[in-house]
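Everything on this sheet refers to the single structure shown next.
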Amino acid sequence: MRLYYLAVLFLFFLSCNNQKKNVVTPKELMSVNSTVSEKDSVLELEVYTFDEFEKFLNKKDGKVHVINFWATWCAPCIKELPYFEELNKKYKDKNVEVLLVSLDFPHLYESKLKPFIINKKIKSKVIALDDPDMNSWIPKVGTAWSGSIPATVIYKNNDKKFYEGSFTFSELETELKQFLN
């Protein structure tokens, strides 16, 4: 039964939305499989069910929240991650918070996700969403969301926009600036 669930989940997320042409080099994909030193393996990864995660979608603190849904097996996701890192670095002191929500399979957290975070030196907050009832939580994130990734939510208080598909840095920054005014 567990294999059936994983197969369905894999096929669901395999539809990784690639509206724009994205090319990920073999080196980038290989870095997902890189080994991690014993010292680095202490990376703590916060894992949430959707009910626990939902608080991240509804903060009313005056900050702009940028939430990106991604996975290490999704080439367009990997391609755009540096843009979220650049956005985080550039706007961190301007009341902007970036949250990277991994949809990787739980059995890959240690072997793929944590090494990826360490090897890419990701500074944005990364959490994992582990909730098998996708049909119930996907529409809560974005009513128009088909479930493919990458997907992004940008919001400030009650003003919220959902985006399904990849960004360039310029496109991402343009969308962010609408919330900074």
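Every read-out reported here was derived from the displayed coordinates using simple, explicitly stated rules and does not represent laboratory data. Just so we're clear, the structure is a prediction, and the values are computed from it rather than from any experiment. Here Cβ is always computed from backbone atoms with ideal geometry, including for glycine, and neighbour counts include all displayed protein chains.
Enter the Cα centre distance for the pair segment 120-136 and segment 45-89, rounded to the nearest angstrom.
7
So for each of 120-130, 144-154 I average, over its residues, the number of other beta carbons within 10 Å; can you give me the resulting order with the highest mean first? Kindly include the intermediate steps, with their values, before the conclusion.
On the way: 120-130: 16.5, 144-154: 20.2.
So the order, starting with the most tightly packed, is 144-154, 120-130.
Stretch K63-S146 to full length: gain in nm at 0.36 nm per residue minus the Cα-Cα span?
The K63-S146 span can extend by a further 27.2 nm.
Multiply the residue separation of D131 and K160 by 0.36 nm, subtract the distance between their alpha-carbon atoms, and state the gained length in nm to one decimal. Mind dumping the intermediate values first?
Numbers: separation 29, 0.36 × 29 = 10.44 nm, distance 2.28 nm.
Extra length available between D131 and K160 comes to 8.2 nm.
Give me the extension gain from T168 to D93: residue separation times 0.36 nm, minus the current Cα-Cα distance, reported in nm with one decimal. Mind showing how you got there, number by number?
Details: separation 75, 0.36 × 75 = 27.00 nm, distance 2.16 nm.
Gain in length upon complete extension: 24.8 nm.
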